[in-house]
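Below is one structure; the comments refer to it alone.
The values are calculated or read from the model by the stated rules, or taken from the named source; none is laboratory data. Note that the coordinates shown come from a computational prediction; the quantities given were computed from them, not determined experimentally. Because the Cβ atoms are built from the backbone with ideal geometry, glycine has one as well, and the counts that use them run over all protein chains shown. Just so you know, the surface numbers come from the protein's heavy atoms only, side chains and all, with ligands and any DNA or RNA stripped out. Shrake-Rupley method; radii C 1.70, N 1.55, O 1.52, S 1.80 Å.
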Amino acid sequence: MLGGAGILMAASPAQAAEVSYATECIPPPISGLPAVQGTTKVELTAPAEAKVGDEIEVVWKTVEAASRNPDVLDLGADTVKPTGTVTLGGAASGELKLEGPRQNPPIPKNSPMVLPDMKGTLKLEQAGEITLTPGAYNINVSKPISTDTKCAPKEEVGPGATIKVTEDGGSTTGGTDTGGTTTGGTDTGGSDSGGTDSGGTTSGGTDTGGTTSGGGDGGSTGGGGGETDFPGKEVSVAYACKTPIGDKNATSPVRISAKKSGGDYDLTVEFSKSVMDSPIDIPANQVKPSMEVKLGGADQGTVTVEGPLNKEVIKTGAPIEIPDLTGTYKPGASGKSTLSPGVLTVMAAGTTTTCTPPADVAVSLELDTSAQPGGASGGSGSGGAAGSGGAAASGGGTDSGGGLAATGAEDGGALRALGLVAGTAILLGGAVFTFTPWRKLRGVRRPPSAQAQN
């Protein structure tokens with residue numbers, strides 16, 4: 001802290017100026033609203049003078065945002081997080097990225113948005129005058145679902161601050177350090193992580209190695225020889241699902257495959273057929289699937305496998321894709337161990353849907369296993385092997401409760417938060433569990449066979 005203070009003290013006292021500019025704001029796609037117009041008023045604070053080599057702090061204070069909270073829901077405290085960019089001119093070029101904390105007072109319905117100050121750090125590398133001009137900014141609201149409202153200038157904006165940079169005797173290299181950090185995307189779980197993806201990579205499973213056993217439940221068997229790849233048999237699973245709006249049934253083919261890695265097995269679970277069109281736009285990083293693979297035969301317990309969050313927005317009318325689920329199976333017993341589809345969980349938009357297979361679900365894969373320390377056998381049914389993707393994400397990294405921000409002028413630019421919640425509930429209750437794998441995006445098309453049933 002003392003070092004940082006010493007750097008900043010080298011600069012002259014801060015100066016601030018207010019800039020006002022016409023702004024166009026794009027509501028989240030899920031809202032279904034057109035672009036709206038508003039006015040942004042910004043006060044930029046930066047040192048009036050500094051030296052080459054100094055690192056200075058730029059502060060963006062939003063005097064007036066081009067947004068209002070709609071007359072639908074109250075926004076809770078600490079649910080709003082802004083990020084923005086300042087354009088550099090004169091002796092520097094590029095953009096300085098700024099961000100603010102997720103920190104705000106409660107914002108009642110039909111009242112102006114209250115945004116915390118954004119900050120960024122700029123390293124000065126060339127003498128001369130540098131102008132700072134406020135530009136585009138983003139407002140993220142974390143509840144009841146993480147959404148982003150993107151606002152950009154619709155006219156030429158004048159500088160909000162000017163810094164006079166003098167030589168300090170050192171060499172100059174030109175250019176600027178844009179400093180700051182970029183959050184981008186959506187904020188997950190109310191934290192400022194920027195919505196990173198979790199889960200293992202998709203191994204896909206290969207059709208080599210192993211032998212197919214006759215009789216029994218028809219599962220594929222392997223693992224006793226020098227093979228390393230063990231493709232499972234596709235089995236049809238009639239799921240009974242508990243959704244936020246009631247009980248639903250859905251049937252889908254499932255295949256469990258394994259790749260031996262030392263004494264463990266890397267598992268891949270594929271949902272290979274069927275397709276469902278999304279009735280609404282679903283933002284990125286909002287859908288997270290996982291499954292507890294059921295162990296039988298010589299071994300006991302379950303193995304957690306997970307899929308990654310959806311990386312792209314799922315547009316209205318586009319298929320809802322379930323990616324391959326991956327995890328690691330550490331055998332706890334020696335002998336022939338079976339693997340069957342187990343309980344499937346999908347976290348989406350702050351809600352949970354749980355699908356349970358029938359008690360007599362077919363075996364997809366049988367392996368000749370050797371017990372490993374800390375393996376799954378003898379567990380209470382919750383299993384001892386952990387999924388390679390880590391812990392399942394709660395609600396795709398979203399929070400529940402609260403409200404949504406709106407953009408634009410006062411004449412109806414509000415997000416219809418209740419409509420969004422209702423649309424999400426319809427989506428989850430009606431059809432999340434008719435599946436299509438990621439590989440369909442790579443051009444492998446298979447005829448649909450499973451249909452969700454009410």
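Open to solvent by 50 Å² or more (accessible area, probe 1.4 Å) and not hydroxyl-bearing (Ser, Thr, Tyr): is that true of residue 95 in this structure? Even if it seems obvious, please write down each step before you answer.
Working: open to solvent by 50 Å² or more (accessible area, probe 1.4 Å): yes; not hydroxyl-bearing (Ser, Thr, Tyr): yes.
In short, yes.
Any idea which residue in the stretch 135-145 is surrounded by the most Cβ atoms within 10 Å (Cβ to Cβ), counting only those that are part of a loop (DSSP other than H, G, I, E, B) and not hydroxyl-bearing (Ser, Thr, Tyr)? Break it down stepwise before answering.
Start the filter on the stretch 135-145 by keeping residues that are part of a loop (DSSP other than H, G, I, E, B), which leaves 142-145.
If we keep only those that are not hydroxyl-bearing (Ser, Thr, Tyr) too, we end up with 143-145.
Numbers: 143: 22, 144: 25, 145: 27.
Checking each candidate, the answer is 145.
Given the options 339, 344, name the one that is closer than 21 Å to residue 373 by Cα and in contact (Cβ under 8 Å) with a residue 60 or more places away in the chain.
After ruling out the rest, the residue left standing is 339.
Taking the stretch 75-92, which residues are under 16 Å from residue 139 (Cβ atoms) and open to solvent by less than 50 Å² (accessible area, probe 1.4 Å)? Give the derivation first.
Looking only at the stretch 75-92, we keep the residues that are under 16 Å from residue 139 (Cβ atoms), and these are 75-85.
Answer for the stretch 75-92, where residues must be under 16 Å from residue 139 (Cβ atoms) and open to solvent by less than 50 Å² (accessible area, probe 1.4 Å): 75, 76, 79, 80, 81, 82, 83, 84, 85.
Restricting to the stretch 146-183, what's the tally of residues that are β-branched (Val, Ile, Thr), modelled with pLDDT of 50 or more and open to solvent by 10 Å² or more (accessible area, probe 1.4 Å)? Steps first, answer last, please.
We begin by selecting, within the stretch 146-183, every residue β-branched (Val, Ile, Thr); these are 147, 149, 157, 162-163, 165-166, 172-173, 176, 178, 181-183.
Then keep just the ones that are modelled with pLDDT of 50 or more; that gives 147, 149, 157, 162-163, 165-166.
Among the residues that remain, those that are also open to solvent by 10 Å² or more (accessible area, probe 1.4 Å) are: 157, 162, 166.
Of the residues in that region, 3 qualify.
Looking at the stretch 243-256, can you tell me whether even one residue there is open to solvent by 10 Å² or more (accessible area, probe 1.4 Å), on the phi > 0 side of the Ramachandran plot and modelled with pLDDT under 90?
Yes, the stretch 243-256 contains a residue that is open to solvent by 10 Å² or more (accessible area, probe 1.4 Å), on the phi > 0 side of the Ramachandran plot and modelled with pLDDT under 90.
Here are 101, 105, 82: which of them is under 29 Å from residue 310 (Cα atoms) and outside any strand (DSSP E or B)? Walk me through how you get there before you give the answer.
Details: 105 fails: under 29 Å from residue 310 (Cα atoms); 82 fails: outside any strand (DSSP E or B).
That would be 101, the only listed residue that is under 29 Å from residue 310 (Cα atoms) and outside any strand (DSSP E or B).
Name the residues in the stretch 341-362 that are open to solvent by 10 Å² or more (accessible area, probe 1.4 Å) and either under 18 Å from residue 255 (Cβ atoms) or not in a strand (DSSP E or B) (or both), would you?
343, 349, 350, 357, 358, 359, 360, 361, 362
Give me a count of the residues in the stretch 117-134 that are crowded, with 19+ Cβ neighbours inside 10 Å and either of a type in the set (A, V, I, L, M, F, W, C) or not in a strand (DSSP E or B) (or both).
The qualifying residues number 6.
If you check residue 84 against the conditions, is it small (Gly, Ala, Ser) and at pLDDT 95 or above?
yes
Count, please, the residues in the stretch 303-334 that happen to be closer than 27 Å to residue 369 by Cβ, open to solvent by 20 Å² or more (accessible area, probe 1.4 Å) and not basic (Lys, Arg).
4
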